[in-house]
Amino acid sequence: MRSLLFVLLAFTLGCPASHRYPQLIRRESSTPPVTVFHDVRVFTSTDTTALEHQDVRVEAGKIVSIAPTAPAPSGVRVIEGAGKTLLPGYVDFHVHLTGSPAPPWAVAWPDEEHNGRALLASGVTSAMDVGGELDRLEALWKRQGTDWLGPRFTFSGQIVSLRGGYPTSMVKILFPWPASALADQRFSGPVSEPLEAEAAVDWRLHHGAHHIKLAIASVPLNAQTMPPELVQATVKRAHQRGVKAVAHTDKAVHALRAARAGVDALMHGIHLGELTAADAQELKQAGVVVSPTLVVFERAEALVQFRFQPTEMEKRLYPPSFLEPFTPEVNRKQTLDPQLIEWLDQLQADRPKRLAAVKTLHDAGVPLLVGSDAAGSIGCLAGGAFLDEMRLLSEAGIPNADILKGATVLPARFIAGPNADFGTIEPGKRADLVLVDGDPLTDITVTSKLVNVMQSGVLIERVD
Ligand SMILES: [Zn+2]
């Protein structure tokens with residue numbers, strides 16, 4: 001009887017909660033044939049400077065012209081842009097649409113609809129999903145162009161991972177059962193030998209995946225990592241099948257293992273230990289791009305130090321019931337697994353090295369792409385975390401123009417190739433646009449001051 005009670009108690013504590021999420025946005029009910037952004041500063045993402053006093057004309061979902069400003073035309077919709085900046089719609093290089101950013105002491109059912117709306121409300125018009133349940137992602141993906149209200153996206157499905165290694169090893173110490181089992185099933189795709197890794201790649205592609213995600217990381221710190229032969233088998237198979245492979249890495253040694261196997265992108269940068277200039281050169285030579293996701297570690301640190309504060313944007317995006325467990329009063333009462341604390345302590349100690357590694361990569365010429373781990377890491381609130389990541393990259397010393405390219409054209413081209421029809425403001429490209437109040441080239445936080453969000457020529461209206 002006592003053991004049954006224990007099981008019931010564990011089940012109750014570990015069972016995810018549901019929340020009532022706000023609607024946030026809707027697509028405008030009718031779109032005029034022509035929209036002109038009038039007298040606006042334009043950062044096209046094809047250059048490192050902005051064009052002043054321009055008119056950008058949008059027709060049938062596309063950008064048709066960018067020209068020096070003229071008197072506002074009549075008979076078309078005019079959006080006044082004086083003092084504002086028009087940017088390509090943001091592209092979040094790292095999201096988990098089928099995940100939740102809730103803390104382990106207040107596990108929440110993932111809400112894909114809300115994740116999508118929160119991202120789009122934040123100006124994220126395209127995204128790359130790098131880990132989640134294949135069936136669910138495939139179903140969401142098919143709804144694009146109909147009733148899916150969120151970024152257009154590509155997906156990888158479950159993360160190809162060493163059996164028993166990360167992410168299984170982390171999920172087990174992070175969440176109480178049964179949430180741990182649910183999360184593991186949703187995010188891990190365990191393999192033990194090369195043939196199994198190849199089959200894992202094939203299975204994902206058969207179910208519509210656009211790229212492959214693998215994990216080479218040790219959480220907790222003593223967890224086993226995917227050995228080189230498994231990494232190579234996974235990446236080689238992905239490339240044979242014509243898709244890219246992206247890897248979750250943590251230390252320089254794992255980043256180099258991934259790069260030497262031909263991985264195309266490193267997720268989470270080098271967030272533990274040091275990255276030397278020689279390592280950065282090798283990564284540059286290997287042709288990888290890196291998404292630092294500094295926000296993941298900032299948010300984890302803030303929780304450990306009982307100072308987590310959602311941004312103003314996040315307070316609008318998430319209901320109070322969701323944010324309440326993050327408050328210091330609730331947070332303080334929680335106990336975490338000692339192995340998790342050890343990892344978090346190491347993360348905190350390595351913060352200066354982490355920021356330095358971002359600068360070292362940039363100095364070596366490695367492209368830095370803005371990814372937020374939206375709904376994939378604790379406290380990485382969809383949309384808000386993406387905007388905060390840009391602020392952190394600026395703190396790491398990355399020039400604003402490079403951050404803006406990393407938030408638009410670079411991920412667009414990684415996802416859709418050199419002729420991507422999004423990620424830049426050029427005639428013929430898709431009208432995915434954000435209008436912000438101010439100049440993000442002089443102050444990166446201006447990227448959060450959203451005035452308008454447009455996706456494929458349709459304005460996204462706020463409803464609150
Ligand atoms: Zn992630």
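From the Cα gyration tensor of the stretch 235-281, with a ≥ b ≥ c the square roots of its eigenvalues, which class applies: rounded if a/c is under 1.5, or else prolate if a/b is larger than b/c, or else oblate?
prolate
Quick check: residue separation of TRP177 and SER18 times 0.36 nm, minus the Cα distance between them. What number comes out in nm?
Difference between extended and current length: 55.5 nm.
Based on the Cβ-Cβ distance of SER74 and GLN309, what FRET efficiency does E = 1/(1 + (r/R0)^6) give at R0 = 35 Å, to the nearest 0.05?
For SER74 and GLN309, the calculated efficiency is 0.15.
Of the peptides 116-127, 25-36, how do they stack up when ordered by the mean number of other Cβ atoms within 10 Å, highest first?
116-127, 25-36
Counting heavy atoms of the protein chains only and a 1.4 Å probe, report the per residue accessible area for the chain as a whole number of Å².
I get 39 Å² per residue for this part.
With unit charges on the beta carbon (Lys/Arg positive, Asp/Glu negative), name the residue among PRO190, VAL253, PRO220 whose Cα is farthest towards the positive pole of the charge dipole of the stretch 127-256.
VAL253
Non-local amide H neighbours of GLY371 (under 5 Å, H modeled in plane, Pro and chain starts lacking H): which ones?
HN-HN under 5 Å from GLY371: PHE93, THR293.
Quick one: Karplus J couplings for the stretch 128-143, per residue in order, coefficients 6.51, -1.76, 1.60, θ = phi - 60°, nearest Hz, x for Gly and Pro?
Each residue of the stretch 128-143 in turn: 10, 8, 10, x, x, 6, 4, 4, 5, 5, 4, 5, 5, 4, 5, 7 Hz.
Can you give me the convex hull volume of the Cα atoms of the stretch 408-464, divided per residue and expressed in Å³?
105
Run the quick spin-label model on SER321 and GLU59: label points 7 Å from Cα toward the beta carbon, then report their separation in nm to one decimal.
4.9
Please list, ordered by chain and number, the residues whose modelled amide H lies under 5 Å from the amide H of LYS244; skip anything fewer than 5 residues away on the same chain.
Answer set, sorted by chain and number: ILE212.
Just order 141-152, 351-362, 80-91 by mean Cβ neighbour count inside 10 Å, highest at the front, would you?
80-91, 351-362, 141-152
Counting each pair of different Cα atoms once, what's the Kirkwood radius of the stretch 299-392 in Å, rounded to one decimal?
Evaluated on the stretch 299-392, it is 14.8 Å.
For ARG241 and ALA356, what is the calculated FRET efficiency with R₀ set at 30 Å and r taken between the beta-carbons, to the nearest 0.05?
Between ARG241 and ALA356 the formula returns 0.20.
What residues qualify as long-range amide H neighbours of GLY376, i.e. H under 5 Å apart, gap of 5 or more or another chain, H built at 1.01 Å from N?
HIS96
Semi-axes of the stretch 1-158's equivalent ellipsoid from the Cα gyration tensor, sqrt of 5 times each eigenvalue, largest first, rounded to whole Å?
The three semi-axes for the stretch 1-158 are 43, 15, 15 Å.
Calculate one ³J(HN,Hα) per residue across the stretch 84-91 by plugging θ = phi - 60° into the Karplus curve 6.51 cos²θ - 1.76 cosθ + 1.60, and present them in order as whole Hz with x for glycine and proline.
10, 10, 9, 10, x, x, 5, 10
Rounding to the nearest 20 debye, state how big the charge dipole of the stretch 249-372 is about its Cα centre with +1 on each Lys and Arg Cβ and -1 on each Asp and Glu Cβ.
Using Cβ point charges on Lys, Arg, Asp and Glu, the stretch 249-372 gives about 120 debye.
Charges at C-beta only: +1 for Lys and Arg, -1 for Asp and Glu. How large is the resulting dipole of the stretch 312-464 about its Cα centre, in Debye rounded to 20?
Here the size comes out at about 180 debye.
State the percentage of accessible surface on the stretch 388-464 attributable to carbon and sulfur atoms; use a 1.4 Å probe and exclude ligands, DNA and RNA.
Taking all protein chains in place, the stretch 388-464 shows 47 percent carbon and sulfur surface.
State the volume of the convex hull built on the alpha-carbon positions of the stretch 149-246, expressed per residue in Å³ and rounded to an integer.
Given the Cα convex hull of the stretch 149-246, per-residue volume reads 110 Å³.
So what is the relative contact order for the stretch 181-326, in percent, with contacts set as C-alpha pairs under 8 Å and at least six apart?
For the stretch 181-326, the relative contact order is 16 percent.
Return the sequence-ordered ³J(HN,Hα) values of the stretch 254-269 in whole Hz as given by the Karplus equation 6.51 cos²θ - 1.76 cosθ + 1.60 applied to θ = phi - 60°, using x for Gly and Pro.
Going residue by residue, I get 6, 4, 5, 4, 5, 4, 5, 8, x, 4, 8, 8, 9, 9, 6, x Hz, with x marking Gly and Pro.
With bins 5 Å wide starting at 0, give me the P(r) of the stretch 107-177 over every alpha carbon pair, in whole percents.
Bins of 5 Å from zero give 3, 14, 21, 22, 16, 12, 9, 2 percent of pairs.
Explain nothing, just the number: dipole magnitude of the chain about its Cα centre with +1 on each Lys and Arg Cβ and -1 on each Asp and Glu Cβ, in debye rounded to the nearest 20.
The calculated dipole for the chain is roughly 520 debye.
So which lysines pass the test for LYS84, namely a Cα distance under 17 Å, with those fewer than 8 places away in the same chain ruled out?
LYS449
For the chain, how big is the tail of P(r) above 36 Å, as a whole percent of Cα pairs?
Across the chain, Cα pairs with separations above 36 Å total 25 percent.
Just the number, please: carbon plus sulfur as a percent of the accessible area of the stretch 59-214, 1.4 Å probe, no ligands or DNA/RNA counted.
It is 59 percent, rounded to a whole number.
Using a cut-off of 24 Å between alpha-carbon atoms, which lysines can reach LYS251, once sequence neighbours fewer than 8 places away in the same chain are excluded?
Those lysines meeting the cut-off are LYS172, LYS213, LYS236, LYS284, LYS353, LYS359.
The values are calculated or read from the model by the stated rules, or taken from the named source; none is laboratory data. Predicted model, so just to flag it, every value in this text is computed and none were measured. FYI the Cβ positions are ideal-geometry reconstructions off the backbone, even for glycines, and counts take in every protein chain you see. Side chains are part of the model used for accessible areas, which takes the heavy atoms of the whole protein and leaves out ligands, DNA and RNA. Shrake-Rupley method; radii C 1.70, N 1.55, O 1.52, S 1.80 Å.
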